[in-house]
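Quick notes on the structure that follows.
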Amino acid sequence: MRRTHTLPRIKATRPAAAMDRRNFCKAAAHAAIAFMLPLPARAQVYPDRPIKVVVPFAAGSASDIVARLVLEKMSTTLGQPFVFENQPGAGGNSGTMVIARAEPDGYRLLVSSSGPLAVNRTLTKNLSYDPQNDFEPISLLATLPNVVTVSTRLPVQSLADLTAYARAKPGVLNYSSVGPGSSQHLAGLLFQQITDTKMTHVPYRVTAQLISDLISGEVPLSFQLIPNIISQVQSGGMRALAVTAKTRSEALPDVPTTQEAGLPGYECAGWFALLAPRGTPKPIIDKLNNGAVSALRDPHLRKRLVDIGAEPTSSAPDELRTLISTEIVKWREVIAKAGLVPE
């Protein structure tokens, strides 16, 4: 009987170069398909590159500090970094307008405040953007009460002393802010209306210069946000007289509230929010909102915000939209009573 031998089968293999070409073509095909999908479908893979964020105030300002803390945490969830662009000017209007005109693709966002988003609707003549219609609200990030802060060279030790001093020198006492429409400016207006005093507003473009002049006594009074002045207050470089809130700040526990200091009803707070240009697809807005809400639940982030005097505060997009509309009406009344003419 004849014995036959069967040769072993050899599995065919493709050269490595061929495999690389195949993988490249496959990836290119997927990218082409993704590009041809409508925006809602493409948003499913959002974000696939860094996201640029405009802060319409100077680096180191309260809005800048809060934005960087919150969005740094958000980046770990979204898998992409945020690239910050500080564009101060015109009380926050300049940088805010940039995003009102930006491409609504989710890669250009805005962290702005109650000034540009609510107050300036009344305070600025021919505002170049519409806070209620030119943006897609994403989420609140934080709220911050103002602090009545004075130079140690000003001869006042309490809020009652300040009121008496201002009444004795009508129009002489200067107070500073980061610009018309900012929460510092409005806090000063409201203080004058409640105490029946008259002071002079001095707007600044750069927070660092404002703080320097506050310490020196060049402009000896400011209704500042806690992140801007906490280190100087703690070191004795300036004096905090009262917090414009119902409760004391955990960051400055020894500073009384305005009610405790003898001025009930005087409350004023700024807030910061994340927004996108109008027309940004809802799936992208929802993803960014989920990222913000998740970040603000983190105990470590919350502690860092509280330590600088900010109250971590997230919201749904519709809640933020309602807040903007409500704040526009609220501060319109204060501005009208102050007799300010839009500029």
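Look through 131, 116, 47, 104 and report the one residue that is in contact with a Gly (Cβ under 9 Å, 6 or more places away or on another chain), modelled with pLDDT of 95 or more, closer than 25 Å to residue 324 by Cα and not aromatic (Phe, Trp, Tyr).
Details: 131 fails: in contact with a Gly (Cβ under 9 Å, 6 or more places away or on another chain); 116 fails: modelled with pLDDT of 95 or more; 47 fails: closer than 25 Å to residue 324 by Cα.
Step by step, each of 131, 116, 47, 104 is checked, and only 104 is in contact with a Gly (Cβ under 9 Å, 6 or more places away or on another chain), modelled with pLDDT of 95 or more, closer than 25 Å to residue 324 by Cα and not aromatic (Phe, Trp, Tyr).
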| query | Can you name the residue in the stretch 299-341 that is in contact with a helix residue (DSSP H, G or I) (Cβ under 6 Å, 6 or more places away or on another chain) and assigned to a loop (DSSP other than H, G, I, E, B) and, of all such residues, is surrounded by the most Cβ atoms within 10 Å (Cβ to Cβ)? | reply | 310
| task | Could you give me the residue pairs with C-beta distances under 8 Å whose first residue belongs to the stretch 58-77 and is under 15 Å from residue 297 (Cβ atoms) and surrounded by 20 or more Cβ atoms within 10 Å (Cβ to Cβ), whose second residue is at pLDDT 95 or above and among the hydroxyl-bearing types (Ser, Thr, Tyr) wherever it lies, and which are 6+ apart or on separate chains? | result | 74/294
| Would you pick out the residues in the stretch 109-163 that are more than 19 Å from the chain's Cα centre (by Cα), among the polar types (S, T, N, Q) and not assigned by TED's automatic domain parsing to the domain that holds residue 230? | 122, 124, 126, 128
| When you go through (1) modelled with pLDDT of 90 or more; (2) under 23 Å from residue 124 (Cβ atoms); (3) not hydroxyl-bearing (Ser, Thr, Tyr) one by one for residue 91, which number turns out not to apply? | (1)
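Of all residues in the stretch 166-220, which are assigned to a loop (DSSP other than H, G, I, E, B) and farther than 21 Å from residue 89 by Cβ? Spell out how you get there, then give the answer.
Filtering the stretch 166-220 for residues assigned to a loop (DSSP other than H, G, I, E, B) gives 169-173, 178-182, 196-199, 204-206, 217-220.
Result: 169, 170, 171, 172, 173, 196, 197, 198, 199, 217, 218, 220.
Would the stretch 230-246 turn up any residue that is part of a helix (DSSP H, G or I) and among the hydrophobic types (A, V, I, L, M, F, W, C)? Lay out the reasoning, then the answer.
Quick first cut of the stretch 230-246, residues part of a helix (DSSP H, G or I) only: 230-235.
After this cut, where a residue has to be among the hydrophobic types (A, V, I, L, M, F, W, C) as well, the list is 230, 233.
Within the stretch 230-246 (the criterion being part of a helix (DSSP H, G or I) and among the hydrophobic types (A, V, I, L, M, F, W, C)), the answer is yes, since at least one residue qualifies.
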| Right, residue 259: of a type in the set (S, T, N, Q), touching a Lys or Arg at 6+ places or on another chain (Cβ under 8 Å) and not assigned by TED's automatic domain parsing to the domain that holds residue 89 or not? | yes
| request: Write out, first by first residue and then by second, each pair whose Cβ atoms fall under 8 Å of each other, whose residues are 6+ apart or on separate chains, and whose first residue, in the stretch 189-212, is in the same structural domain as residue 167 (by TED's automatic domain parsing) while the second is part of a helix (DSSP H, G or I) and of a type in the set (D, E, K, R). | output: 193/337; 195/167; 196/167; 197/167; 204/213
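The values are calculated or read from the model by the stated rules, or taken from the named source; none is laboratory data. Since the structure is predicted, the reported quantities are computational estimates derived from the model, not experimental observations. Every residue, glycine among them, receives a Cβ derived from its backbone with ideal geometry; neighbour counts consider all protein chains shown.
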